[in-house]
Structures are given as structure tokens and as C-alpha cells.
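A.B. asks: Got a structure for you, questions after.
The values are calculated or read from the model by the stated rules, or taken from the named source; none is laboratory data. Just so it is clear, the model here is predicted, and its values are computed rather than measured. When we count neighbours, we look across all protein chains shown, and the Cβ atoms used for this are built from the backbone with ideal geometry, even at glycine.
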């Protein structure tokens, strides 16, 4: 049965003041062109899409079992309508446990949960010299192993350090197989980054973090991203990346999109939590290892949107960077946009950008616990 809501609707062609009607998918969008600043109505935006989620609600993806469902429910209450459950670098049995649970969550979405689109395999195919907060189980990849893991859950994104022997060939093979290969947790040079892009890599994992930095005589992996990337993910919690660096990346990378890199500590009080095999500490809004290294975040995408607007982006641009660009990155034309035939994934926000309602494939979520 179709529902209908009214307000300032952000469509692919701009703002309309009118009505969007929908069941599981959007049936129609009607209204007149508007500038939302000229009225006081709510904003209706595409649901948020997060391609890098480790945890939330006290649960970590690496726990397996029902953890993914609790995580997807927590993020849904903050406007995320679709997500990739993200693994840590770990022994093979831990990764297989996590992927088996992700695969089940892909096949069956629970009530009030974000749609789990598949997995982001963030390791173990990374450089042990640039682990960041990853446990030290890094190893070189083989195509055979990736194909075995893919039997457990759809691997939509895989993070790879391209400088590791054999990885450029792997990047080419995975790209040919339809996997989005991202460069991350890498000590690679600018030249190695460019080579990876030429072999089919399509993005960068949490840009600036856990990669060789920019110097004017050694541009590093950051330089490769800024000079050549169409897409890259970035954590806009204002802890992982300085606002000035965010603004620079926004000017350089056309379809920069935002992720949370959220951990089990998201939505929880200060204290100790698990991140893969690491114990991490939440305090003062951040998550860190005992040595002070940032270890994921407590960010949610509704706050990411507010942070972007606070940095000076207009709402339409900020919305694309928490939704549409991520959908486009995965090649999804029926998510991340409010258009006839697309899934009815949408959020309603008030004039202060606080969530009032979230719909996932037409189902309204209960925000009482947000």
C-alpha cells in the first residue's frame, strides 16, 4: 500500500516542494521547483549509504552471529538505509565467521534494519607497515582465496595495498570480476597508486588515513588520490581529517563520499569495546587503541551530513556525499536518489537537520532509540 509525505524533496534534478508517494519503491514525485530557504518545510533526502561499517550498539562485525543485525538497526536509526558490513584484518577463521554472518544478513533484512548490501573486506591484504588500528594479520592475497570468501558473502569492496608483490595483478583480476578495489593501509608511492588505478582500482579507503602522505616532491598515495581519483571515501568526524584537508579533497575528487568507519562504541557510553581482536577505548567522542591511535569512529551519517553542512557545503551537495555518490560507486541506480522506480529509501529532516523519519524500502523505522 502506497504512503505519501510532503516537504522539500531533493530529486536528481533539484529541489521540489511537493509530495513523494511510495510503497517498497517510489511511485511518484510531484511538486514545483523550489528553493528550500524560501519556506519552512521539512527536508526529504535520499537515505544514507555507508560503505564502511565495523560496528555499533556494542556489537562488532567480527563477532559473527546476529551482530550484523544489531549494527544495521543502530545505523538505520541514524538515517543509514543501506550499508556494507566491514571486516578487520584477522586470521582466516575469524574472517570466515564474520562473512558467513554477513551473508545471512544480506539474504534476510530484519525489521528496522538498514539493508546490508554485502561486505567490505578491509584487509587482510594490506601493508603490515601501515596497519593503523588493524591487528597484525596482514598477508598477500590470492585470487583463489578471494573467490572462496565470496562464497560466504558478496564482496562488494576490497581494500588492497597495491605495492605488495602480486597485488597489481590481483587488482586487475578483481576489477574484471566486478569488485570495487580500493587502495588503503598502504606505504605505496604516488607511482604505485597510479599503477593500481590503471589496473582497475576505483577508490581509496578512508582518504588520508593509513596511507603515504602528500609531499611536494613525493606526492605519495594521497597525491595519487587527489590528482587522479574519481571516487574516494573519507571519514568526516573532524577527528580523522582536518577540515582544511577535507575541503581540499572536496575540490580535487569529484565524487568524494563519506563513510563512518564506525565501531562497536557507536551509540554507546564511554568505555572499552572490541574492534576485531583489539580492545579499544571510547572517550571524548573518539575511539582509540591504548597507545592513542585512532581506531575507527563513533560517527553516524546523520552527524556526517551536519558536519559537511557546517564546513560550508550546501545541503544538496552534502546529501550526495552521504548517499548518491556511494550508490554510484557500487553501480546502484535504484538507491541513493529520490526518483520513480528507485527503492523508497529516504530520510525526513527538520530545519536543524535532525532526523524526523527514516524509511527503508518503504518501511518506516522506529527512531525512539536513536
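A.B. asks: What strands (runs of 3 or more DSSP E), lying completely within the stretch 14-94, carry at least 3 residues that are on the phi < 0 side of the Ramachandran plot and surrounded by fewer than 20 Cβ atoms within 10 Å (Cβ to Cβ)?
C.D. replies: The strands (runs of 3 or more DSSP E) meeting that bar are 14-22, 26-33.
A.B. asks: Quick one: count up the residues across the stretch 326-359 that are in contact with a strand residue (DSSP E or B) (Cβ under 7 Å, 6 or more places away or on another chain) and at positive phi.
C.D. replies: Qualifying residue count, the stretch 326-359: 2.
A.B. asks: Pick out the one residue from 292, 276, 267 that is without any contact (Cβ under 8 Å) to a residue 12 or more places away in the chain and at positive phi.
C.D. replies: Sole residue among the options that is without any contact (Cβ under 8 Å) to a residue 12 or more places away in the chain and at positive phi: 292.
A.B. asks: Separate question: Since residue 211 meets every condition but one in (1) surrounded by fewer than 24 Cβ atoms within 10 Å (Cβ to Cβ); (2) under 23 Å from the mean Cα position of the chain (by Cα), which condition does it not meet?
C.D. replies: Checking residue 211 against (1) surrounded by fewer than 24 Cβ atoms within 10 Å (Cβ to Cβ); (2) under 23 Å from the mean Cα position of the chain (by Cα), the one that fails is (1).
A.B. asks: For residues that are over 11 Å from residue 201 (Cα atoms) and touching a helix residue (DSSP H, G or I) at 6+ places or on another chain (Cβ under 7 Å), tally how many sit in the stretch 141-160.
C.D. replies: 8
A.B. asks: Here is a follow-up. Can you list the helices (runs of 4 or more DSSP H) found entirely within the stretch 271-349 that contain at least 3 residues being surrounded by fewer than 23 Cβ atoms within 10 Å (Cβ to Cβ)?
C.D. replies: 301-310, 315-321
A.B. asks: Condition first: surrounded by fewer than 22 Cβ atoms within 10 Å (Cβ to Cβ), in a loop (DSSP other than H, G, I, E, B), touching a helix residue (DSSP H, G or I) at 6+ places or on another chain (Cβ under 7 Å) and in contact (Cβ under 8 Å) with a residue 40 or more places away in the chain. Now tell me which residues in the stretch 214-260 satisfy that.
C.D. replies: Listed by number, the list holds a single entry, 238.
A.B. asks: Criterion first (under 19 Å from residue 127 (Cα atoms), surrounded by 23 or more Cβ atoms within 10 Å (Cβ to Cβ) and modelled with pLDDT of 95 or more) does residue 199 satisfy it?
C.D. replies: No; evaluated as a whole, the condition is false for this residue.
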